[in-house]
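The values are calculated or read from the model by the stated rules, or taken from the named source; none is laboratory data. Just so it is clear, the model here is predicted, and its values are computed rather than measured. Please note: Cβ atoms are built from the backbone with ideal geometry, for glycine as well, and neighbour counts cover all protein chains shown. For the accessible areas, the whole protein counts, side chains as well, though only heavy atoms, and no ligand, DNA or RNA atoms are used. Shrake-Rupley method; radii C 1.70, N 1.55, O 1.52, S 1.80 Å.
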Amino acid sequence: MRNVRSTVEGAFFAALTVILYLASIYLPVLGILVSFLCPLPVMFLVIRWDARLGILASCVASILVFALAGLLQAVTCLLGFSLLGIAMGLTVKRGYDLPEIILINTLVSLLSKFALLGVALLATGKNPLTENLLLLEETVRRTPWVSQNLPGTGDFVSLVKLVMPALLIVASLFDTGCNFLLGRWIGKRIGLSFPDVPPFSEWRLPRSVFWAFVLGWVFMLFGGTSFLGRIGVNVQVVTQLLFLLEGLSLVYYFLGKYIRSRAVRVAILVFLLFQPLFSFLLSWLGVFDVFFDFRKLSSKR
């Protein structure tokens, strides 16, 4: 009976993966949102049954995508989504705590992106990242309004090239966070067990992130334009964004003491986030909070 149930559920979730993936590539705009759901069916299978069934369902889903949309899309479905679903399902099933789940699956997501870049390079002979950057440069060059009214655009393109590794890391972290939170929200409603997530007002980074931040500064100062210096720049980008998140969490904590409406608190955070000066200050606030823990200092008074 157990084998029949697992087979039926495996077939159902494989079909659901195909539907979600095809929707993500064919639906304009909405497809971007649907893509965050693509790893979830495989994740649920692994948590509910085992990794073997999740891998089998992933292969079946990829074969169906191949039949409907071609080889490249089938490989993208397998490496870009199902692989993350299997890894996340395993880390949740084995009882890893939240930081371990996020770290491991961010690495898996990053590796899957590199694998997809490799597949695209083999299939087309072109690097998608390089092609997109060249397209961006060409667009800027051919658009007089942009070059005349935004004189720093050329520098911006050069900056994007420099921090591309950091952007990939941040994208992987974002993918992982969204997939986990969505999976947890849906999974708990179908009876699956997930680790607890602390309220946003209690999010804090480990001190190891601060030392990575310091190391990035050292690499930048002494590495200059060398490879070591470029590593430092990318480390800085990633850690500053993490500290920005902690700064937002800290402000949200103190806003909660005076403003009851969650919508108002979120609106204030969004306003601060999109103001360059405030977002810069929030990032540094996050740096100091790692050491001083302003929430604890406030509670002692």
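One residue is enough: does the stretch 1-20 have a residue meeting the conditions over 25 Å from the mean Cα position of the chain (by Cα), surrounded by fewer than 21 Cβ atoms within 10 Å (Cβ to Cβ) and not in a helix (DSSP H, G or I)?
yes
Here's a check for you: in the stretch 259-279, which residue that is surrounded by 10 or more Cβ atoms within 10 Å (Cβ to Cβ), among the hydrophobic types (A, V, I, L, M, F, W, C) and more than 20 Å from L244 (Cβ to Cβ) is modelled with the lowest pLDDT?
Across the stretch 259-279, the extreme among qualifying residues is I259.
Of all residues in the stretch 185-213 being farther than 14 Å from M43 by Cα and of a type in the set (S, T, N, Q), which is surrounded by the most Cβ atoms within 10 Å (Cβ to Cβ)?
S201
Among (1) open to solvent by 80 Å² or more (accessible area, probe 1.4 Å); (2) within 17 Å of R184 (Cα to Cα); (3) more than 17 Å from the chain's Cα centre (by Cα), which single condition is E100 missing?
Against the list (1) open to solvent by 80 Å² or more (accessible area, probe 1.4 Å); (2) within 17 Å of R184 (Cα to Cα); (3) more than 17 Å from the chain's Cα centre (by Cα), E100 comes up short only on (3).
On the given criteria, is S82 buried (at least 17 other Cβ atoms within 10 Å of the Cβ), within 19 Å of V108 (Cα to Cα) and among the small types (G, A, S)?
On the way: buried (at least 17 other Cβ atoms within 10 Å of the Cβ): yes; within 19 Å of V108 (Cα to Cα): yes; among the small types (G, A, S): yes.
So S82 passes the test.
Could you list, in sequence order, all residues of the stretch 27-75 that are modelled with pLDDT under 90, among the β-branched types (V, I, T) and at negative phi?
I32, V34, listed by residue number.
Which number in (1) more than 25 Å from S172 (Cα to Cα); (2) surrounded by 19 or more Cβ atoms within 10 Å (Cβ to Cβ); (3) not β-branched (V, I, T) marks the one condition that S283 misses?
Answer for S283: the failing condition is (1).
Out of L248, L241, report the one residue that is open to solvent by less than 40 Å² (accessible area, probe 1.4 Å) and under 21 Å from F294 (Cβ atoms).
Selected residue: L248, the only one of L248, L241 that is open to solvent by less than 40 Å² (accessible area, probe 1.4 Å) and under 21 Å from F294 (Cβ atoms).
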